[in-house]
Structures are given as structure tokens and as C-alpha cells.
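To keep things clear, I will list the structure first and then write my remarks on it.
Nothing in this text is a laboratory measurement; each read-out follows from the coordinates by a stated rule. Keep in mind that what you see is a predicted model, and the values were worked out from it rather than measured. Glycine also receives a Cβ, built like all others from the backbone with ideal geometry; neighbour counts cover every protein chain displayed.
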Amino acid sequence: MDIRRALPGDAVALTRIAFAAKRHWGYPEAWIRQWKESLTITPEFIQDSEVYSAVVGEETVAFYALTGTGQRRDLEHLWVSPAWIGSGVGRLLFEHATRTATSLGANTLEIEADPNAEGFYLRMGARRIGENVYEMDGQERVLPLMAWC
């Protein structure tokens with residue numbers, strides 16, 4: 001597996017991974033449609049952000065994106081293709097993301113995590129610092145707010 005800087009031409013493949021990974025958790029299709037904008041990775045986003053892909057052979061299997069400036073960066077995306085969940089790719093990408101953030105001068109990486117990913121981030125050394133609450137179709141949805149320092 002290689003981790004490389006994503007290119008604007010990778011936008012379709014990265015978007016496909018984000019949608020597949022979100023669907024992996026069994027969310028209703030109506031929710032997936034509501035998340036369309038946040039799950040869609042554009043060429044401009046790739047060009048303007050720190051986006052890295054995990055590639056096996058010719059296949060992109062996962063990616064992450066960092067946003068923000070200064071000492072605090074946000075892990076905006078970290079998605080793994082469902083076939084690769086549990087393979088260690090996510091761990092390798094997260095470690096790469098922390099090294100990249102540190103090299104950019106950050107000492108804190110903040111993550112608004114999907115509830116299904118909280119355990120992963122805790123295992124990676126992040127801690128829960130709060131939560132964000134949203135409403136989805138009349139249901140309260142609590143997203144852990146986490147930080148890696």
C-alpha cells in the first residue's frame with residue numbers, strides 16, 4: 001500500500017469511497033442524500049486541502065483530508081472502502097494524517113466523528129472533548145467531538 005497526495009482527478013474515486021463507507025453503517029438512504037454535499041469530494045477541495053489517498057496496486061482504497069490552519073487542524077474526512085475496513089489501512093492513514101498535521105505546525109487534530117468511528121479514534125489516541133448534536137428526520141444524532149494532541 002502506498003499513501004500519496006491526492007490529485008484533483010481523484011475526486012470521483014474519493015467520493016465513491018466516502019459514500020460506500022457511510023452506507024456501510026446502514027444509514028437510511030434519505031440520510032445519505034442529505035449528506036450528499038459533505039460526502040462529495042470536489043477537485044477544488046482536493047486542490048485546496050491536504051488530501052491523501054491509500055492506494056493498493058492501481059486501486060484507491062481509502063483517503064483522508066485535513067483542513068484548517070495553524071496549530072489546530074481538522075480531520076475533515078477519513079474514509080475506508082468497506083472491503084478494506086479492519087485491514088489496518090485506517091490506522092496507517094490516521095498515523096499519516098497526524099504526521100502531516102504536525103509537519104504543518106499543528107499540535108491538535110480535531111475530529112467530528114461518526115458515532116461508529118469513535119472507538120477507532122479512541123484506539124488511535126484521540127480523546128472525546130465534547131459532542132455536536134444534530135437533528136435528522138426528527139431524531140437526535142449525537143456526533144462525538146474528539147481531539148488528538
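Below 8 Å between Cα atoms, with a sequence gap of 6+, how large is the relative contact order for the stretch 61-107 in percent?
It comes to 42 percent, rounded to a whole number.
For the chain, go through all pairs of different Cα atoms, get the mean of 1/r, take its inverse, and jot down that Kirkwood value in Å. Walk me through the intermediate numbers first.
Values: mean 1/r = 0.0640 Å⁻¹.
It is 15.6 Å.
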Next on the checklist: Mean-square fluctuation check for the chain, GNM, Cα pairs under 10 Å: which of Val89, Val55, Val133 is largest?
Outcome noted: Val133
Checklist entry - Size of the dipole of the chain about the Cα centre, Lys and Arg at +1 and Asp and Glu at -1 on the beta carbon, nothing else charged, in debye to 20? => result 360 debye
Checklist entry - Using the count of nearby Cβ atoms within 10 Å as a rough guide to exposure, how do Asp137, Asp10 rank from fewest to most? => result Asp137, Asp10
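What's the local net charge at Ala54, with K and R +1, D and E -1, over the other residues with C-beta under 15 Å away? Could the numbers behind the result be given before it?
Working: positive: Arg4, Arg5, Arg16, Arg91, Arg99; negative: Asp2, Asp10, Glu50, Glu58, Glu59, Glu95.
Residues near Ala54 contribute -1 overall.
Quote to one decimal, in nm, the extra length available between Asn107 and Gln47 on full extension: 0.36 nm per residue of separation minus the C-alpha distance between them. Write out the running numbers ahead of the final one.
On the way: separation 60, 0.36 × 60 = 21.60 nm, distance 2.33 nm.
Going from the current span to full extension adds 19.3 nm.
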Item to check | Among beta bridges that DSSP assigns inside the chain, antiparallel share in %, nearest 5 | outcome: 90 percent
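Find out how many positive minus negative residues lie around Pro115, taking Lys and Arg as positive, Asp and Glu as negative, among other residues whose Cβ is under 10 Å from that of Pro115. If you can, show how the numbers build up before the last one.
Numbers: positive: Arg141; negative: Asp114, Glu118, Glu131.
Surrounding charge for Pro115 is -2.
Explain nothing, just the number: relative contact order of the chain, from Cα pairs under 8 Å at least 6 residues apart, as a whole percent.
Details: 244 pairs, mean separation 28.5, N = 149.
Relative contact order for the chain comes out at 19 percent.
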Checklist entry - How far, in nm, would the chain grow between Glu135 and Arg123 when pulled straight, counting 0.36 nm per residue and subtracting the alpha carbon separation? => result 1.5 nm
